[in-house]
Amino acid sequence: MAIEPRASAERRHRGTIHVEDAKILEHTAYAGNQYVLRAAAPAAAASATPGSFAHLTCDPSVPMRRPLSIMRAARSAGWLEFLYKPVGAGLAELARRRTGETLSIMAPIGRGFALDPARPHVLAIGGGVGIPPMFFLAEELRGRRELAPIVLMGSEVPFPFELAPSALNVGARIPGASHALRLLEDWGIPSRLASNAALPGAYRGSVTALAELLLRERFAQTLDRVQVVACGPEAMLRAAARLAADAGIPCQVALEEFMACGVGGCAGCTVRVRTPEGEAMQRVCVDGPVFDAATVVGLSAARP
């Protein structure tokens, strides 16, 4: 992954990020201190891609914006949707906002997933608040024949989605994993759930253990046609990166970092990556948030 000069990177993003006064259309609280927010942002919705994110003004009393991964983008209806947990003062204020109020949204920001059409089987792994990019990716891929995603979602609190017994085969017998997301079922995209909290209908264990089981039972003979994408806590991303490296398959990860400006100016969200010229620091907000897992120092071992 070549390093890109800062000035060049900033030119590439110029004119692609929109700042909109977004009316809150829906704001729903779910078990486990989870919220789903839908807001009208037609310019951002028209150009958002899976893996990109938004920088939101949570409340006039909170000066700094907060980054949230985009979970859905309705281009024709002109809205964005987010899943978040109010950890910290900023998101706690966001959780108090009501339908009909307006907040400022700056989006879409960052590089999203770049899928390899030569590897049609996409194993999408999302953990906790890392689920949104996987959901967005699934929606983008529905109806496309050249890429076939399987979405695996892990959580220790109840999933903030409607679940249903799955009728879509994933090609492996997974103990306990009887349910899936109803909306993904409606889209014809198979999904399975994992939890260490004994959630009903979910595989008992980590979502990466579920992914390993699926790779072993479904894709053991066709690993050259599989790619992995993942978003979630750092420990989950390390496990996903190791799993992919051991299987010899590519893995892209969407990273989450504390951000101030969100547009590459402050360099407060840098991560160390390996490049052909050696190790370098890159900004998660505009050089990512999606990176090749094998290049992120600390996430996986260096390539031999």
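The values are calculated or read from the model by the stated rules, or taken from the named source; none is laboratory data. Here the structure is a predicted model, which is why all the values come from computation and not from measurement. We place every Cβ from the backbone using ideal geometry, glycine too, and count neighbours over all the protein chains shown.
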Problem - Given (1) more than 13 Å from the chain's Cα centre (by Cα); (2) free of Cβ contacts under 8 Å to residues at least 60 places away in the same chain, index of the condition PHE82 fails - result: (1)
Completion exercise
Among ALA164, ALA172, the single one that is more than 30 Å from CYS261 (Cβ to Cβ), outside any loop (DSSP other than H, G, I, E, B) and more than 14 Å from the chain's Cα centre (by Cα) is ALA164
Exercise for the section: Take the residues in the stretch 180-195 that are touching a helix residue (DSSP H, G or I) at 6+ places or on another chain (Cβ under 8 Å) and part of a loop (DSSP other than H, G, I, E, B), then tell me which one is surrounded by the fewest Cβ atoms within 10 Å (Cβ to Cβ). Expected result: PRO190
Fill in the blank from the handout: Within the stretch 177-216, the count of residues that are farther than 15 Å from ILE150 by Cα and among the basic types (Lys, Arg) comes to 1
Exercise for the section: Within the stretch 82-93, identify whether any single residue is under 28 Å from ARG204 (Cα atoms), crowded, with 19+ Cβ neighbours inside 10 Å and of a type outside the set (Ser, Thr, Tyr), and answer yes or no. Expected result: yes
Exercise for the section: Any residue in the stretch 31-45 that's in a strand (DSSP E or B): show its pairings with residues that are among the aromatic types (Phe, Trp, Tyr) at Cβ separation under 6 Å, as long as the two are six or more apart or on different chains. Expected result: TYR35/TYR84; LEU37/PHE82; ARG38/TRP79; ALA40/TRP79
Practice task
Go through the residues of the stretch 243-254 one by one and say whether even a single one is in contact with a His (Cβ under 6 Å, 6 or more places away or on another chain), assigned to a strand (DSSP E or B) and modelled with pLDDT of 95 or more.
Solution key: no
Handout entry: From the options GLY143, GLY171, residue that is closer than 25 Å to THR49 by Cα, assigned by TED's automatic domain parsing to the domain that holds ALA240 and at pLDDT below 95
Key = GLY143
Completion exercise
ALA138: passes all of (1) out of contact with any Pro (no Cβ under 8 Å at 6 or more places or on another chain); (2) in the same structural domain as TYR203 (by TED's automatic domain parsing) but (1)
Practice task
Residue by residue through the stretch 196-218, note down the ones that are crowded, with 23+ Cβ neighbours inside 10 Å and assigned to a loop (DSSP other than H, G, I, E, B).
Solution key: ALA202
Exercise for the section: Give the residue, chosen from ARG97, ARG65, ARG75, that is surrounded by fewer than 20 Cβ atoms within 10 Å (Cβ to Cβ), in contact with a Leu (Cβ under 7 Å, 6 or more places away or on another chain) and in contact (Cβ under 8 Å) with a residue 24 or more places away in the chain. Expected result: ARG97
Exercise for the section: Go through the stretch 193-233 and give me each residue that's touching a Pro at 6+ places or on another chain (Cβ under 7 Å) and charged (D, E, K, R). Expected result: ARG225
Practice task
Identify, from the list ILE150, ILE131, ILE125, ILE70, the residue that is hydrophobic (A, V, I, L, M, F, W, C) and touching an Asp or Glu at 6+ places or on another chain (Cβ under 8 Å).
Solution key: ILE70
Problem - Selection from the stretch 124-137 of residues that are touching a helix residue (DSSP H, G or I) at 6+ places or on another chain (Cβ under 6 Å) and either part of a helix (DSSP H, G or I) or more than 17 Å from THR49 (Cβ to Cβ) (or both) - result: ILE125, GLY127
Practice task
Return yes or no: is GLN221 under 22 Å from ARG145 (Cβ atoms), crowded, with 19+ Cβ neighbours inside 10 Å, out of contact with any Ser or Thr (no Cβ under 7 Å at 6 or more places or on another chain) and of a type in the set (S, T, N, Q)?
Solution key: no
